[in-house]
Amino acid sequence: MVKERTALANRIRGLLAEYGIIVPIGIAKLRQQLPEILEDAENNLTVAERVIFSDLQRQLIEMDKQVDAYGDKIQAVHLASEVSQRLSDVPGIGPITAGVFRGWQGLCFGAASCRLVRPSAEARFQWRQTKATGH
């Protein structure tokens, strides 16, 4: 979802550039400047073009909401698991990675024989959610 949002922001920025309107790189800059661009009567955008950019802006806002909602869900799952919280204490491991590792169960039958077994259904679900959100 994050990659899709970034792609949409880049498409909007590219379309604006075709009309001679340059917006600096970064979604925050685009969010800040797009409303100003839509209201600016001096930039020679037609009514139809303003409608298109307004629709694209609404899509970007909707994607922002979806990304935030997924982030909130991931955080809630993370906070509900003591194992996930302990794993996230390791530098470089955040809630998503901790959630994925949490589902793996290690079985050791002696020092020389240790293997990982299939992840739990919860871990597989979280992995799919992680792939869907791009984190």
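The values are calculated or read from the model by the stated rules, or taken from the named source; none is laboratory data. No experiment lies behind these values; they were computed from the predicted model shown. Note that we place each Cβ from the backbone using ideal geometry, even for glycine, and neighbour counts take in every protein chain shown.
Key figures for this structure:
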item: Glu49 vs. criteria surrounded by 13 or more Cβ atoms within 10 Å (Cβ to Cβ) and either over 30 Å from Val100 (Cβ atoms) or of a type in the set (A, V, I, L, M) (or both); result: yes
item: Residue in the range 40-53 that is closer than 30 Å to Phe125 by Cβ, more than 17 Å from the chain's Cα centre (by Cα) and not in a loop (DSSP other than H, G, I, E, B) present; result: no
item: Qualifying residues in the range 35-45 (those that are at negative phi and in contact (Cβ under 8 Å) with a residue 24 or more places away in the chain) - the one surrounded by the most Cβ atoms within 10 Å (Cβ to Cβ); result: Leu45
item: Among the residues listed as Pro91, Pro24, the single one being farther than 30 Å from Glu122 by Cα, under 23 Å from the mean Cα position of the chain (by Cα) and free of Cβ contacts under 8 Å to residues at least 24 places away in the same chain; result: Pro24
item: Residue under evaluation Ala80, criteria (1) surrounded by 11 or more Cβ atoms within 10 Å (Cβ to Cβ); (2) under 20 Å from Trp127 (Cβ atoms); (3) free of Cβ contacts under 8 Å to residues at least 60 places away in the same chain, criterion not met; result: (1)
item: Residues (loosely packed, with under 13 Cβ neighbours inside 10 Å and outside any helix (DSSP H, G or I)) located in the range 2-34; result: Gly20, Ile22, Pro24, Ile25, Gly26
item: Long-range neighbours under 7 Å by Cβ, at least six apart or interchain, first residue among the hydroxyl-bearing types (Ser, Thr, Tyr) and surrounded by 15 or more Cβ atoms within 10 Å (Cβ to Cβ) within the range 66-77, second part of a helix (DSSP H, G or I) and modelled with pLDDT under 85; result: Tyr70/Thr133
